[in-house]
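*Asks:* Could you have a look at this structure, given as structure tokens, before my questions?
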Amino acid sequence: MSDQEGPLGGSGGNDDELTLPKATVNKYVAELLGSNLTASKESLQLILDCCIEFIHLVSSESNEVCEKESRKTISPDHVLTALKALGYERYIPELEEVLKDHKQLVKTDRDRKAAKLHDNDMTDEQLMEMQQSLFAQSVARLNNGQPAPT
């Protein structure tokens, strides 16, 4: 790899900006190794580079799947299809379970927020007044206490 190549190969571009938080990856590796093993700095950097490359590979393949379907947004199904194409099909059942759990959490959170809004006994007009007041307070704080221009 030349001096001009980014961490994922290639020259310049956005690849230079691709990274993962070292502390998080190091912490995760340490948890997996347990207290009786350690990893050298070089090993940790290699693992970090491999993680970045894996993400790049999966996202590129997911993008291709998405484009083949003439879509503009990569969906979880595109990612699962990409993982199958890359030979990671043995992970699909567990990932589908994680996706199912995530969708349930999102639905529960959305329902909870909707119920909270519905159960507050305020009319739409009262909610609008409260929102306008909050906006005005925010603008005032932003302007260092100066009243918002009207």
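Read the figures in this text as sums done on the coordinates, not as results from a lab. Bear in mind that the values here come from a model prediction, so they are computed numbers and not experimental data. Methodologically, a virtual Cβ is constructed for each residue, glycine included, from the backbone with ideal geometry; neighbour enumeration extends over all protein chains shown.
*Asks:* For the range 62-105: of the residues being of a type in the set (Lys, Arg) and in contact with a helix residue (DSSP H, G or I) (Cβ under 8 Å, 6 or more places away or on another chain), which is surrounded by the most Cβ atoms within 10 Å (Cβ to Cβ)?
*Replies:* Looking at residues that are of a type in the set (Lys, Arg) and in contact with a helix residue (DSSP H, G or I) (Cβ under 8 Å, 6 or more places away or on another chain), I get LYS84.
Residue by residue, here is whether (1) more than 16 Å from the chain's Cα centre (by Cα); (2) among the β-branched types (Val, Ile, Thr); (3) not in a helix (DSSP H, G or I) holds:
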{"residue": "PHE54", "(1), (2), (3)": "no, no, no"}
{"residue": "VAL58", "(1), (2), (3)": "no, yes, no"}
{"residue": "SER70", "(1), (2), (3)": "yes, no, yes"}
{"residue": "ILE74", "(1), (2), (3)": "no, yes, yes"}
{"residue": "LEU83", "(1), (2), (3)": "yes, no, no"}
{"residue": "VAL106", "(1), (2), (3)": "no, yes, no"}
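*Asks:* So MET122 fits all but one of (1) free of Cβ contacts under 8 Å to residues at least 40 places away in the same chain; (2) surrounded by 12 or more Cβ atoms within 10 Å (Cβ to Cβ); (3) in a helix (DSSP H, G or I); what number is the exception?
*Replies:* Checking MET122 against (1) free of Cβ contacts under 8 Å to residues at least 40 places away in the same chain; (2) surrounded by 12 or more Cβ atoms within 10 Å (Cβ to Cβ); (3) in a helix (DSSP H, G or I), the one that fails is (3).
*Asks:* Would you check which residues across the range 33-71 are of a type in the set (Ser, Thr, Tyr) and under 12 Å from ALA82 (Cα atoms) and list them?
*Replies:* If the condition is that a residue be of a type in the set (Ser, Thr, Tyr) and under 12 Å from ALA82 (Cα atoms), then SER59, SER60, SER62 are the ones that fit.
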